[in-house]
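Read through the structure below, which is laid out as structure tokens, and then see the notes.
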Amino acid sequence: MILETKHGRFDLDQGLDLSIPVRRGENSVEAFYIPHARMEPFCAGGFVGSVTEGGACNCENIHFNAHGNGTHTECVGHVSREAHYLLDSLHRHFFEAQIVSIAPIKQEDGDHLVLPHQIPNELPEALIIRTLPNSNEKKTKKYSGTNPVYLHPDTATKIREAGVKHLLIDQPSVDKEEDGGALAAHKNYWNYPTHPRLDATITELIYVSESIPDGFYLLNLMTPSMESDAVPSKPMIFAPIEE
């Protein structure tokens, strides 16, 4: 199926998946010491939700935390005192997007940061950051206690001021793993608490394959209808069809 927009034509049968699935067991990504997801048969009375255990059908309870078990999209409700849910923040799912590969800069304290000057001055509605070096290990990496790459708070401000409404990054968080609860990059990006951007999102723990070049894409940011500040998500991108 071909989608034609004012910015180009896109083959919707040629999507590129940027998501890391929420998987059962330890063969999955993990961050913030959050336990791996568990999928277990639902049981009630004589009913067992497992065909292999004698049930008529499979019916699982799923225990997971979006922030540490895979690709997830969050809204300002992640940092706000007030209740805000992604369900009420994301009303469109197709966006113009740009992929930018960035080698974070090592600081004197050993941290690796994405700094403001590494961000383009002009950006579309969505920005996808691929940090370097990049490898398949990001799909199953155990990030807890490793002090992963993060954004300088001023970088988040620059991204916001550039008009980006949907920020995607291949790290567990835009903030430092242990920052004393400051969450400065999150708050600067969402402009919280001064003038909260209720329609802006952050998507973390994506994976952008080496085979995908930097440049302009059409982004389809797919999320389930769940009442929470963050939910698992499936960002898909589509390259313009060359004429």
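The values are calculated or read from the model by the stated rules, or taken from the named source; none is laboratory data. Computed from a predicted model, the values in this text were never measured in an experiment. Counting neighbours? That spans all protein chains shown, and the Cβs are built from the backbone with ideal geometry, glycine included.
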Residue pairs meeting the criteria (Cβ under 7 Å; at least 6 apart or on separate chains; first part of a loop (DSSP other than H, G, I, E, B), in segment 11-26; second among the aromatic types (Phe, Trp, Tyr)) = Leu12/Phe238; Gln14/Phe238; Gly15/Phe238; Leu18/Tyr207; Ile20/Tyr207; Val22/Phe64
key: In segment 102-124, residue surrounded by the most Cβ atoms within 10 Å (Cβ to Cβ) [restricted to those that are outside any loop (DSSP other than H, G, I, E, B) and out of contact with any Ser or Thr (no Cβ under 7 Å at 6 or more places or on another chain)]   = Leu113
inquiry  = Could you tell me how many of the residues in segment 27-62 are under 30 Å from Gly145 (Cβ atoms) and part of a loop (DSSP other than H, G, I, E, B)?
reply    = 9
request  = Go through segment 70-101 and give me each residue that's over 19 Å from His186 (Cα atoms) and either assigned to a loop (DSSP other than H, G, I, E, B) or not polar (S, T, N, Q) (or both).
outcome  = His91, Arg92, His93, Phe94, Phe95, Glu96, Ala97, Ile99, Val100
request  = Out of Pro232, Pro196, Pro172, report the one residue that is modelled with pLDDT of 95 or more and either under 17 Å from Ala126 (Cα atoms) or in contact with a helix residue (DSSP H, G or I) (Cβ under 9 Å, 6 or more places away or on another chain) (or both).
outcome  = Pro196
ask   = In segment 159-190, how many are more than 23 Å from Pro235 (Cβ to Cβ) and assigned to a loop (DSSP other than H, G, I, E, B)?
value = 6
message = Given the criterion over 21 Å from Leu167 (Cβ atoms), modelled with pLDDT of 95 or more and either surrounded by 14 or more Cβ atoms within 10 Å (Cβ to Cβ) or under 17 Å from the mean Cα position of the chain (by Cα) (or both), identify the matching residue among Cys57, Cys43.
response = Cys43
